Amino acid sequence: MDNYSKTKETANRIAVIERLADSPDGSRLHVYPRSIAATEGAVLFLARQGASKVIGVVGQSGGLTGAAYLLGTDNGDQQLRICPATAANVAVLRERLPHLMPKPLGLAKSIGLGDRLGLATPGHADALRAYADGDMAPIFAQQSVRENSRTGRTPQQVLDDATLGAFQAGWQEGYGADADHLKCIDDVDEHLAAGYSFYTIDSGDHVQDRGHTATGATLQKLYDALPWEKLASTAQDTVRRYADVPFDLESFRLTMTGEQVRRAAVKYGAAVAHTITLARHIASRRSHDAYEIELSLDETEHPTSLPEHLFIAAELKRLGVEPVSLAPRYPGRFEKGVDYIGDPEVFANEFKRHLAIARKFGPYKLSLHSGSDKFTLYPIVARLSPEGAIHLKTAGTSYLEALRAIAVAAPDLFRRILRLGHQRFDTDRATYHLSGDQALAPNPQTVIDAQLTTLLDESHTRQILHVTFGSILQDPQLKSATLAVLRAHEDLYRDMLVSHFAKHISPFTAGKR
Ligand SMILES: [Zn+2]
């Protein structure tokens, strides 16, 4: 059969399925053609019915549960089932189509695509198709514990939304699922149960900033009080291991004084111990090849110095934890939703040296958290790591693109979101480092509907909208209206994500294309 006839046959088949499964309440079934996938004994597909996504299966239902219909085909009658996208059905879907199961990405260049609303994955997949050409591996599911508490979603829902999005887009190249900013065993367990593949351990609460300023006897006292048993070492041995030992790191040599060692240890020793505890807990519950670990230090008070990075990396290695990536806190400011604030040259110099440490003690990737919209840095990072040993983490920027779609499709709703954002900004900004200033944001009243999207290109308004997502989504009316508009304008949202992520992806794949 030629391609045209094949396409025509598929289209006819879809039309039959759609007619057959039209629900009595009049909500039509729309099959997503790219989702159609053949597997043992069945053809699976995703469809939209009213406001919901449903999983369709023609042939053996194989554990998928839903309403059954009889489908007349050339080869006799076949069963069609239209199954709600429950957690149980999505789990079966992942089993039957293993490319939808999250997996470790290893040292491949990668991008985290946090999606607070659970509707962005098809756009993310299309952006990667258009601009990465297989040269950047995606993490489609990625939410921090803090984000989930603000959006009211569970780790399972986040993963299931990503699975359905990948299915809808016909994405077969695999993806990761990042349990972001885990701080304790309970955080870890919830994500283990859901089947995440990437665990970002954030031991920031155990970082002791007094290591920065303490001197003399005070520093020594703090140093002696470290959890040496957990670190399987002693105060004396640790100084001996690092002090006055030259470490050759490509273009430079790093030698720490005894005091530098004590400072690094006081600051990060307990954090290393906590990281080890969480990493071993994960290792005891998942097989080695089913997950990977990132260590995040980005939400600490001070930039991570090179001796500190070296100390942490060497200690993790000694204790048998092999992260796939590590996120230092770099110099300069990585504020939400806006470009890098700082001296790009200072950043480049530090980044290069951090990379050398990561190569020597790993190799592992360097991760850029709050990596959305840091357009100044992308060419620098891409140039300094030609092997692509980087992970770019983005999150809120996809939410802002959702608001851009709403500004176009539903200006009144956008104005309501903006109004609440302005009201809540002072409170909601507390947990973020921001320089956004409400007084400098344009007054929305002066902006006509056709120009509303320009507000999303203005940095103060961006930050207002960026950090108030929790308040918006905790308002039941605003939340359901937001989701309804995005579901009704799927293509618009997708197009906005594709053109926005072009700017995030292209700098890293330009050499290849
Ligand atoms: Zn982070």
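The values are calculated or read from the model by the stated rules, or taken from the named source; none is laboratory data. Everything numeric here is computed off the predicted structure, so don't read it as measured data. Cβ placement follows ideal geometry from the backbone for every residue including glycine, while neighbour counts extend to all protein chains displayed.
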In the set Thr213, Thr238, Thr200, the lone residue that is surrounded by fewer than 19 Cβ atoms within 10 Å (Cβ to Cβ) and not assigned by TED's automatic domain parsing to the domain that holds Thr431 is Thr213
Could you give every pair whose Cβ atoms fall below 7 Å, whose first residue belongs to the range 177-195 and is of a type in the set (A, V, I, L, M), and whose second residue is surrounded by fewer than 22 Cβ atoms within 10 Å (Cβ to Cβ) and not in a helix (DSSP H, G or I), counting only separations of at least 6 or pairs across chains? Leu192/Arg285; Leu192/Arg286
Across the range 339-375, the tally of residues that are over 18 Å from Pro386 (Cβ atoms) and within 16 Å of the ligand (Cβ to nearest atom) stands at 7
Positions within the range 43-91 being part of a strand (DSSP E or B), charged (D, E, K, R) and surrounded by fewer than 19 Cβ atoms within 10 Å (Cβ to Cβ), in sequence order: Arg48, Asp77
Within the range 24-54, work out how many residues are within 28 Å of the chain's Cα centre (by Cα) and hydroxyl-bearing (Ser, Thr, Tyr). 3
Would you mind telling me which numbered condition in (1) more than 16 Å from the ligand (Cβ to nearest atom); (2) buried (at least 24 other Cβ atoms within 10 Å of the Cβ); (3) part of a loop (DSSP other than H, G, I, E, B) Pro323 fails? (1)
Candidate set: the range 271-314, residues that are within 16 Å of the ligand (Cβ to nearest atom), charged (D, E, K, R) and assigned to a loop (DSSP other than H, G, I, E, B); chosen: the one surrounded by the fewest Cβ atoms within 10 Å (Cβ to Cβ): Glu301
Residue identified as crowded, with 24+ Cβ neighbours inside 10 Å and touching a helix residue (DSSP H, G or I) at 6+ places or on another chain (Cβ under 6 Å) among Pro102, Pro155, Pro122: Pro122
Residues that are in contact with a Phe, Trp or Tyr (Cβ under 8 Å, 6 or more places away or on another chain), under 24 Å from Asp187 (Cα atoms) and not charged (D, E, K, R): does the range 298-312 have at least one? yes
Total residues in the range 475-513, condition within 25 Å of Arg416 (Cβ to Cβ) and β-branched (Val, Ile, Thr): 2
Determine which single condition Lys360 fails, assuming it passes every other condition in (1) under 15 Å from Leu249 (Cβ atoms); (2) without any contact (Cβ under 8 Å) to a residue 40 or more places away in the chain; (3) surrounded by fewer than 21 Cβ atoms within 10 Å (Cβ to Cβ). (2)
Note on the range 401-440: residues surrounded by fewer than 17 Cβ atoms within 10 Å (Cβ to Cβ), in contact with a His (Cβ under 8 Å, 6 or more places away or on another chain) and outside any helix (DSSP H, G or I) are Asp437
